[in-house]
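The values are calculated or read from the model by the stated rules, or taken from the named source; none is laboratory data. What you see is a predicted model; the values in this text were computed from it and never measured. Cβ coordinates were reconstructed from backbone atoms using ideal geometry, including for glycine residues, and neighbour counts include every protein chain displayed. For accessibility, only protein heavy atoms count, side chains too; no ligands or nucleic acids. Shrake-Rupley method; radii C 1.70, N 1.55, O 1.52, S 1.80 Å.
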Amino acid sequence: MKLAGKAFFLLSLVWLTEPAVAEKALAPATIVVFNQDVPESVELAKFYAQKRGIARDHLVGLSCSRTEEISRLEYDTMIRNPLRAVFKERKWWTLHEPREGQPSVTNNSIRFVALIKGIPLKIRAASNYPGDKAGEAPLGNRNDASVDSELAALGLFTDQISGAPTNPYFQSYRPITEFDNAALLLVCRLDAPKAATVRRMIVDAIETEKTGLWGRAYVDGAHNTAPGLGVGDTWLAEIPGQLHKAGVPVIYDDSPAIFPEGYPMSDCALYFGWYAENVSGPFNQFDFQFSPGAIAVHIHSFSASTLHDEHANWAGPLVSKGAAATLGNVYEPYLQLTSHLNVFSDRLLHGFTFAESAYMSMQTVSWMSVMIGDPLYRPYAAWLEIDEKRGDEKGSSDWKAYHEFAAKNSSQPAPEYRAAAMKFASRTRNAPMLEDLGLMEAAGERLTEATVCFDQARTLYTKRDDILRTVMEEAEVLGKQNKTKRALDLLRDTLRIISNAPASALLKKLEMELRSTKPPAPSANPRRP
């Protein structure tokens with residue numbers, strides 16, 4: 001397939017300047033697919049190619065529908081068949097083509113695919129598809145899918161579209177360029193409600209790679225014990241331990257409610273949560289913004305049903321609020337076949353790309369998932385190679401110091417690690433580290449130690465939301481120690497100073513709860529915290 005003349009001319013302008021940043025080892029294994037009938041798709045494709053140093057013959061313009069949802073026939077004729085022709089024409093594939101039966105891919109020089117805003121998002125269910133045999137419900141009879149996940153299996157050459165084929169890359173620890181399954185493609189998309197948001201996502205990913213992704217993680221469990229759903233909480237419960245080993249401060253909430261509206265969610269670099277239908281809580285605050293380069297994921301069956309509405313579902317709103325990448329589902333996937341977020345988090349922390357981490361976390365391809373973000377983005381790969389001249393500001397040096405301490409000391413036994421960490425954080429006046437240690441102590445019911453940590457962090461913080469959050473954390477642990485008066489005094493003193501912040505309603509609610517709490521009867525065998 002040949003590029004349209006106008007689109008090819010526009011794209012040729014990309015290489016008049018040097019790429020700002022190029023992942024030299026991965027750019028040759030990446031193609032960029034855009035809708036040549038949509039001007040903003042053409043412009044975004046050339047912008048991404050220039051930023052990543054992707055060669056001009058690795059851009060593919062397709063003439064396809066402008067709608068997010070298409071039929072299976074439209075997918076086959078406008079996307080699948082033209083792309084297969086390009087792979088053959090440009091010799092990206094080495095094919096074994098027997099006289100009888102379907103071809104098979106024996107070698108593939110392309111492993112990453114970046115779909116650009118303007119390429120359709122999802123394929124609705126088809127009936128009586130030639131060559132397809134529907135299996136048993138609830139999986140075997142489904143043939144609706146995301147375009148992205150369907151393209152991941154582009155090299156399978158099968159007419160069997162019903163069911164959920166196994167992803168051979170699931171739980172791998174090998175870079176895709178070293179993976180021996182040549183047919184698999186790691187397909188992500190650069191898409192959002194606005195083209196300007198897509199540009200910002202690209203820039204943020206590339207700029208973040210220079211210094212690493214610094215900030216706080218927020219993990220929101222749901223305490224869901226319903227049959228078949230508890231696994232979601234299991235995934236999320238594993239993530240804080242991964243983050244602590246890497247020295248990433250984390251707020252972990254395992255209560256049934258999601259983070260409430262007004263919650264002071266500052267410096268959010270990572271967010272993992274579930275299970276609300278539409279974006280809610282602090283993300284609806286007009287001034288909320290993720291840290292540049294942030295990765296944010298909320299598990300829901302239809303979290304990416306559309307990407308072109310900044311208020312609908314989760315994926316579109318999250319990137320509109322500043323996230324550089326997210327994961328989602330276009331149709332009902334069933335929980336086990338969504339991204340295993342514990343695997344996704346682990347692989348990111350081990351330096352894999354966004355695309356590799358996402359596909360390592362998925363059990364299936366040709367299913368409902370969509371990965372939104374730069375496929376080559378590696379937020380944590382450069383942590384040990386960061387230029388010492390960067391991050392001199394107080395805010396970023398705190399994150400860096402915590403990471404470096406954890407990298408050197410996390411193998412120590414837990415009591416020794418906590419003691420050493422407390423001394424280090426106090427000496428260096430590291431407020432994020434002190435708050436994180438306080439949360440760990442509180443989770444272990446070491447409430448006196450938690451109070452000390454929160455109190456120190458609160459006095460060191462300078463941002464309003466950080467102060468308000470640690471006030472709530474300290475008041476809660478004081479309440480658990482039956483130090484209600486001290487907790488109430490702390491809340492009231494804070495509210496007198498900061499009464500109009502979005503989080504003030506949460507402080508007032510906590511104040512009312514503490515006032516209504518009756519002290520427990522004296523125990524015959526009191527325990528020391």
MRE, 222 nm, helices only [DSSP H, n ≥ 4, -39500 (n - 2.57), over the chain, to nearest 500]:
-11500 deg cm²/dmol
Apply the Karplus curve 6.51 cos²θ - 1.76 cosθ + 1.60, θ = phi - 60°, to the phi angles in region 330-346 and return the couplings in whole Hz, x for Gly and Pro.
8, 9, 4, x, 6, 3, 4, 9, 8, 5, 6, 5, 5, 5, 4, 4, 4
The chain: Rg/Rh from Cα coordinates, Kirkwood Rh?
1.01
Percentage relative contact order, the chain, counting C-alpha pairs under 8 Å, at least six apart
13 percent
Can you give me the C-alpha center-to-center distance between region 257-302 and region 44-91, rounded to a whole angstrom?
32 Å
When a/c reaches 1.5 or more, the comparison of a/b and b/c decides; with that in mind, is region 84-233 rounded, prolate or oblate per its Cα gyration tensor?
oblate
Other-chain or far-sequence residues with amide H under 5 Å of LEU186's (modelled H):
PHE112, VAL113
Output the 0 to 90 degree angle, nearest 10, between the alpha-carbon long axis of helix 484-497 and the longest principal axis computed from the alpha carbons of the chain.
60 degrees
For region 66-101, which trypsin sites (Lys or Arg not before Pro) are in a loop by DSSP, counting at most 14 other Cβ atoms within 10 Å?
ARG66, LYS91, ARG99
Which shape class applies to region 133-206: rounded if a/c is under 1.5, otherwise prolate when a/b exceeds b/c and oblate if not, where a ≥ b ≥ c are the square roots of the Cα gyration tensor eigenvalues?
oblate
Using just the C-alpha positions of region 164-221 as equal point scatterers, what log10 of I(q)/I(0) does the Debye formula give at each q in 0.25, 0.29 1/Å?
-0.99, -1.06
Scalar couplings 3J(HN,Hα) for region 235-240 by Karplus 6.51 cos²θ - 1.76 cosθ + 1.60 (θ = phi - 60°), nearest whole Hz, x for Gly and Pro, are 4, 5, 5, 7, 5, x
Equivalent ellipsoid semi-axes, region 213-268, via Cα gyration tensor eigenvalues times 5, rooted, Å
21, 16, 6
Tilt, helix 447-460 to longest principal axis of the chain (alpha-carbon atoms), in degrees rounded to tens, equals 80 degrees
Cα radius of gyration and Dmax for region 266-324 (Å):
10.3, 28
Can you pull the percent of the chain's accessible area that's carbon plus sulfur, 1.4 Å probe, other chains left in place?
53 percent
To the nearest 0.05, the calculated FRET efficiency linking PHE288 and THR177 through their beta-carbon distance, R0 being 41 Å, is 0.65
Could you give the C-alpha radius of gyration of region 41-168 expressed as a fraction of 2.2 N^0.38 Å, taking N as the number of residues it contains?
1.13
Tilt of helix 431-443 relative to the longest C-alpha principal axis of the chain, in degrees (0 to 90, nearest 10)?
80 degrees
Give me the accessible area per residue for the chain, probe 1.4 Å, as a whole number in Å².
43 Å²
Need one value: the accessible area of SER397 in square angstrom, 1.4 angstrom probe, rounded to the nearest 10.
40 Å²
Starting from the 7 Å offset along Cα-to-Cβ, what nm value, one decimal, do you get for the label separation of THR94 and ASP309?
4.8 nm
Separation of alpha-carbon centers, region 227-244 and region 325-373, rounded to whole Å
15 Å
